[in-house]
Amino acid sequence: MSAATQPAPPVPVPDLGAEPELSATDPDGRPVLLGSRCRDCGELAFPERFVCARCTGDQLEVVPLGGEGSLYSYTTIHVSSSRSTPYTLGYVDLPAGPRLLATIEAAPDALRTDLPVSLGVGDDGQWWFQPAAQEGGSR
């Protein structure tokens, strides 16, 4: 087969926007994360996607995922080449369904699994979770 008759290589389908809008506010002014819901199968995802990971459908809509959840698991990082240490990362289960990895703003000894957490968003658009009783954020 000559080079002129070979089919073009497949091109990946973008599944994430270049810079998706990650957060907004609810009617009461509290921050919420934005994600996607597949209109075909109902799968929820964060951040916003163009293609459903479950059914590969492309009919997705932007939906608020909420700003509260529970801490599923966490770890404190003490060595990093990309940011100052220590810092804590955790998996947060949102009531709407997705589990996501996020920065946790709290002293490690104040954390436990199943701890209720709430979303904090800084003026710069950075977001994190913190124990739900710690309103106002720490950044």
About its Cα centre, how strong a charge dipole does segment 23-131 have in debye, to the nearest 20, once Lys and Arg get +1 and Asp and Glu get -1 at the Cβ?
280 debye
For Leu101 and Arg30, calculate 0.36 nm times their separation in residues minus their Cα-Cα distance, and state this gained length in nm to one decimal.
23.5 nm
If unit charges are put on Cβ atoms (+1 for Lys and Arg, -1 for Asp and Glu) and the dipole of segment 42-132 is taken about its Cα centre, the option from Gly66, Val79, Leu111 lying farthest towards the positive end turns out to be Val79
Out of residues 5 or more away from Gly35 or on other chains, whose amide H comes under 5 Å of its own, with H placed 1.01 Å from N in the peptide plane?
Val63, Leu65
Across 10 Å bins from the origin, how do the percents of Cα pairs in the chain run, short distances first?
11, 34, 29, 15, 5, 4, 1
Pairs of alpha-carbon atoms within less than 8 angstrom and 6+ residues apart define the contacts here; what relative contact order does segment 23-131 have, in percent?
21 percent
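Every read-out reported here was derived from the displayed coordinates using simple, explicitly stated rules and does not represent laboratory data. Being a predicted model, the structure only gives us computed values, none of them experimental. For neighbour counting, all protein chains shown are included, and Cβ atoms are generated from backbone atoms with ideal geometry for every residue, glycine included.
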